Amino acid sequence: MEMKLKKVLSLFNIFCIASGAMISSGLFILPGLAHARAGAAVIFSYLLAGLIAIPGMLSIAEMTTAMPRAGGDSFTIIRSMGPAVGTVAGLLSWFSLSMKSAFALLGMSVFTVLLVDLNIHIIALVFCIFFLLINIIGIKEAGLIQVIMVIGLFLLMTVYIIIGFTEIKIQYLIPFAPHGIKAVFSTAGFVFVSYAGLLKIASISEEIKNPKKNIPLGMILSLAVVSVFYTLMVYITSGVVPPAVLHNTMTPISEGANIIMGYPGKIILSIAAVLAFLSTANAGIMTSARSLVPLSRDNLFPKCFANINTKYGTPHNALILTVFFIVISLFIKLELLVEAASVVFLLTNILVCISVIILRESRLQNYQPSFRIPWYPWIPLAGIFGLFFLIIEMGMEALVICGILCVAGFFTYWFYGRIRGIKEFALIHLLYRLTAKELKSRTLETELKEIIRERDNIINDRFDKLIEKSVIIDVKGSKSLKQFFKTISDIMAEHLSFSSKTILNKFMIREKRNSSVIAPGIAIPHIVIESRKKFFILLARCSPGIIFSDKEHPVHTVFVLAGTKQERNFHLRALAAIAQIVQDANFEESWLKAGSIENLRDIVLLAKRKRT
């Protein structure tokens, strides 16, 4: 049996993990490098990058509320676009999140030398091992450390903003865009890595409490707050640090603090920077390791990396491999690290936006996200074009890096995952609408059904168990009442040890006394049978309609119940359960659109109702 990760993370944990993952080198190192590219207009580069991150954020929020599983973006892309693209996406996500952690640890070393005189690689290695041990012990403990660091970080940044507003020199902001508007867009692509922490939440979605509410809310809050802090911090730094100094420093915020508050201020903001880098490194290790879990569970990557530690409930092998890769990445040139990570995040966001469109258009019945993107499909389409535009604006080097990483990911699939891992995916269901039915099976719908049950904490009661074994028929063509009752009586006779004629008479007598139509289009004919403790349920759909009487609308949905006198109490509970199911505003539309008998069964099994 596949071992699941523990649900221990709250909304505040999510906010702190995403925020801490975003606020690091993107704020404490990049503003100087970015200012040299775009001038004071770098403020808009950061703002533009945040806006372009919105479609990807909303797309991954929708998909992870439908499928809250470890790996997040890679898991959902596999289920949407298939194992080949999913393998590439999963490895790209792992690669980029690991690189972001390495980027953070390298950035941290720039600030630690201001506080202590130690070799930067030794410092980075020590923290790598420390965070590895904390993350193996448990994500709850790692999340608590993240909360402490992020609270301290926001407090110190608030002090910088409040004091800095009074020290801004307008002359430092003129000329505002010395390199033109094109530089503003290309710089937005360069700093896009600053918002990478958003997708990290998807990687830990399996460990989030109440994911259908906390995932979208945590991501939206985090992006909103961090965008405001980024804009204000970069604006103040651009207005207090002379451009000549800003273009040649790797510690722009500390330089600004030195001007605003003197040397003590520089030390305070250097501490804030160290907290930011540590929170990013911790979040990166925590989440990037989980990008490997869905690949391993689907046999697209060695199975050992899906192993969950029986004592601590964490993916220890994936964590160890991730930290090993981060240590190697510490020796890569900083600017190349930034560009590679930014390109990969841009590409991952594009795949996420495409995936949500495929999942929506495949019309999978059991794709039931609790959060849906507003103004669909315009927001994900805008995201796809905007993100492609940023990649192109970043230049040929970025495209080459992107191509190399994609080819490496595809080779991994071709020589390993293609042989071992076969999964149905949403794109097949989309193609099914245009081509042959034999392309489609039930494996993805079944998997999504089990995910919904776990997400919504659905525990099967007796009614559910009967529905799982019940007979379901899809009646073709319009029928009269007697024709319909004759059809179901023939079926029920095989299960109830009564003649078809006896059952038919019971239904006809029962219907003459009182109509079983409870609402337009819905009927619940039910009879009492003479036997020892027995209960039977049959479900029927008739799209053209069954004519119960000239006074009633044609009936499309029928729940047929037959039980003995000893089952009177359960008979009433079954009627109450059906009443709750059919009250759903979308029930009739879903029932008529369902593509198969099993889809009809799932509508009833996954319906929201009180279970006893």
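The values are calculated or read from the model by the stated rules, or taken from the named source; none is laboratory data. Quantities reported herein were computed from a predicted structural model and do not represent experimental measurements. As a convention, Cβ positions derive from the backbone with ideal geometry for all residues, glycine included, and neighbour counts pool all protein chains shown.
Please determine whether any residue of region 77-84 is surrounded by fewer than 24 Cβ atoms within 10 Å (Cβ to Cβ), at pLDDT 75 or above, hydrophobic (A, V, I, L, M, F, W, C) and within 30 Å of F410 (Cβ to Cβ). There is at least one residue in region 77-84 that is surrounded by fewer than 24 Cβ atoms within 10 Å (Cβ to Cβ), at pLDDT 75 or above, hydrophobic (A, V, I, L, M, F, W, C) and within 30 Å of F410 (Cβ to Cβ). Could you please let me know if A574 is among the aliphatic types (A, V, I, L, M) and part of a loop (DSSP other than H, G, I, E, B)? No; evaluated as a whole, the condition is false for this residue. Among the conditions (1) in contact with a Gly (Cβ under 7 Å, 6 or more places away or on another chain); (2) outside the structural domain of L153 (by TED's automatic domain parsing), the only one that R297 does not satisfy is (1).
Taking each residue of region 541-565 that is without any contact (Cβ under 8 Å) to a residue 40 or more places away in the chain and in a strand (DSSP E or B) and looking for partners that are basic (K, R) and buried (at least 16 other Cβ atoms within 10 Å of the Cβ) with beta-carbon atoms closer than 7 Å, six or more apart or interchain, yields H556/R541; T557/R541. When you check K608 against the structure, is it at pLDDT below 90, over 28 Å from S370 (Cβ atoms) and either of a type outside the set (V, I, T) or under 37 Å from the mean Cα position of the chain (by Cα) (or both), yes or no? In short, no.
Filtering region 575-591 down to residues that are of a type outside the set (F, W, Y) and touching a strand residue (DSSP E or B) at 6+ places or on another chain (Cβ under 6 Å), which residue is surrounded by the most Cβ atoms within 10 Å (Cβ to Cβ)? Residue satisfying both the conditions and the ranking: I578. Put simply, of I379, I320 the only residue that is modelled with pLDDT of 80 or more, within 30 Å of I603 (Cβ to Cβ), out of contact with any Asp or Glu (no Cβ under 9 Å at 6 or more places or on another chain) and among the β-branched types (V, I, T) is I379. Assess whether A244 counts as being touching a Leu at 6+ places or on another chain (Cβ under 9 Å) and among the small types (G, A, S). Judged against the criteria, A244 is not a match. Exactly one residue out of L47, L27 is surrounded by fewer than 24 Cβ atoms within 10 Å (Cβ to Cβ), within 17 Å of S227 (Cβ to Cβ) and either in contact with a Ser or Thr (Cβ under 8 Å, 6 or more places away or on another chain) or touching a residue at least 24 places away in the same chain (Cβ under 8 Å) (or both), and it is L47.
You will find that of Y235, Y230, the residue that is within 19 Å of T280 (Cα to Cα), among the hydroxyl-bearing types (S, T, Y) and either surrounded by fewer than 22 Cβ atoms within 10 Å (Cβ to Cβ) or at pLDDT 85 or above (or both) is Y230 and no other. Looking only at residues in region 598-612 that are closer than 29 Å to I503 by Cα and out of contact with any Lys or Arg (no Cβ under 9 Å at 6 or more places or on another chain), the one that is surrounded by the fewest Cβ atoms within 10 Å (Cβ to Cβ) is R601. Evaluate the following for L198: is it among the hydrophobic types (A, V, I, L, M, F, W, C) and under 30 Å from M67 (Cβ atoms)? Taking the combined requirement at face value, the residue satisfies it.
Considering region 265-306, and only residues there that are in contact (Cβ under 8 Å) with a residue 40 or more places away in the chain and charged (D, E, K, R), the residue that is nearest to M108 (Cα to Cα) turns out to be K266. Taking the options F411, F385, F415, name whichever one is out of contact with any helix residue (DSSP H, G or I) (no Cβ under 8 Å at 6 or more places or on another chain), modelled with pLDDT under 80 and either under 18 Å from N599 (Cβ atoms) or not polar (S, T, N, Q) (or both). Being out of contact with any helix residue (DSSP H, G or I) (no Cβ under 8 Å at 6 or more places or on another chain), modelled with pLDDT under 80 and either under 18 Å from N599 (Cβ atoms) or not polar (S, T, N, Q) (or both) holds for just one of F411, F385, F415, which is F415. Here's a check for you: in region 256-267, which residue that is over 13 Å from L156 (Cα atoms) and crowded, with 22+ Cβ neighbours inside 10 Å is farthest from the chain's Cα centre (by Cα)? Selected residue: I260. Across region 468-517, the qualifying residues are those that are small (G, A, S) and surrounded by fewer than 13 Cβ atoms within 10 Å (Cβ to Cβ), and the one among them that is nearest to the chain's Cα centre (by Cα) is G477. Got a number for residues in region 241-254 being surrounded by fewer than 22 Cβ atoms within 10 Å (Cβ to Cβ) and assigned to a helix (DSSP H, G or I)? Of the residues in that region, 3 qualify. Cβ separations smaller than 8 Å between residues 6+ apart or across chains give no pair from region 170-184 residues that are free of Cβ contacts under 8 Å to residues at least 40 places away in the same chain and more than 8 Å from A40 (Cα to Cα) to residues that are outside any helix (DSSP H, G or I) and of a type in the set (V, I, T). Among the candidates I467, I452, I518, which residue alone is in a strand (DSSP E or B) and under 30 Å from K610 (Cβ atoms)? Among I467, I452, I518, only I518 is in a strand (DSSP E or B) and under 30 Å from K610 (Cβ atoms).
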